[in-house]
Amino acid sequence: VILTLAVAACAALLLCKSTAAQQRLFEQEPFDQITLDRNNDNKVLKVQPLDVPNRQLPEQLPKSGKLRVQLLDNPGTDYDVQWFMIEKVELFEQLVLDKAQELIEAAKLEEAYDYFKFLEEKYPQLPALAGAMEGYLIQEFRVSYARQRYADALSMLRELYRRNPQRKGLDAALGMAS
């Protein structure tokens, strides 16, 4: 009986890990990511979201001092990381945007849409979001047009126009799709 419980517990643990691995990035608990320098084996730390003003990082990371973090898998315990040991810091919303861009490049546009929807709802002020969303709409237009789904293609262009009527080449594309 004890052996059966142990096997069941292991199976449940594996199932939970498998389910977590299947979660899309934006469905996971938000975290920021810190990549340490070469002297620290370029270790990547998943940390609780950093308390930075307006969720904006400085263009250049400080060279001195320390950053206080809590590891994602050990909340409640503070750790100090020396700034000079940090190679880069990535905020959760930027990680989600990067994943959306990867999905566009992999032609997984429906999945990319879910990432953009999340970002527009939760992080509408993300600096690169507007341009990335325009790129997504253009790619959706191209795919729809190539598949002769002209109504879909036109709706993508209309949405692009709603967001940025001054976008270069938009008038010509609208003329082509109408």
Answer with yes or no whether E110 is in a helix (DSSP H, G or I) and farther than 21 Å from V52 by Cβ. yes
Evaluate the stretch 36-54: report whether one residue or more is over 15 Å from the mean Cα position of the chain (by Cα), within 21 Å of A130 (Cα to Cα), open to solvent by 70 Å² or more (accessible area, probe 1.4 Å) and not hydroxyl-bearing (S, T, Y). yes
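Could you tell me whether Q82 is of a type in the set (S, T, N, Q), under 26 Å from P127 (Cα atoms) and open to solvent by less than 80 Å² (accessible area, probe 1.4 Å)?
Criteria not met by Q82.
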Does at least one position in the stretch 99-121 carry a residue that is small (G, A, S), on the phi > 0 side of the Ramachandran plot and surrounded by fewer than 16 Cβ atoms within 10 Å (Cβ to Cβ)? yes
Matching entry among L97, L119 (being in contact with a helix residue (DSSP H, G or I) (Cβ under 7 Å, 6 or more places away or on another chain), in contact (Cβ under 8 Å) with a residue 40 or more places away in the chain, closer than 29 Å to Q33 by Cα and in a helix (DSSP H, G or I)): L119
Here is a check on your reading of the model: is Y136 open to solvent by less than 30 Å² (accessible area, probe 1.4 Å), touching a residue at least 40 places away in the same chain (Cβ under 8 Å), under 29 Å from E27 (Cα atoms) and not basic (K, R)? no
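The values are calculated or read from the model by the stated rules, or taken from the named source; none is laboratory data. Fair warning: this is a prediction, and the values are worked out from it, not measured in the lab. So basically every Cβ, Gly included, is an ideal-geometry build from the backbone, and we count neighbours across all protein chains shown. The protein model used for the area step is the full one, side chains on, heavy atoms only, and it has no ligands, DNA or RNA in it. Shrake-Rupley method; radii C 1.70, N 1.55, O 1.52, S 1.80 Å.
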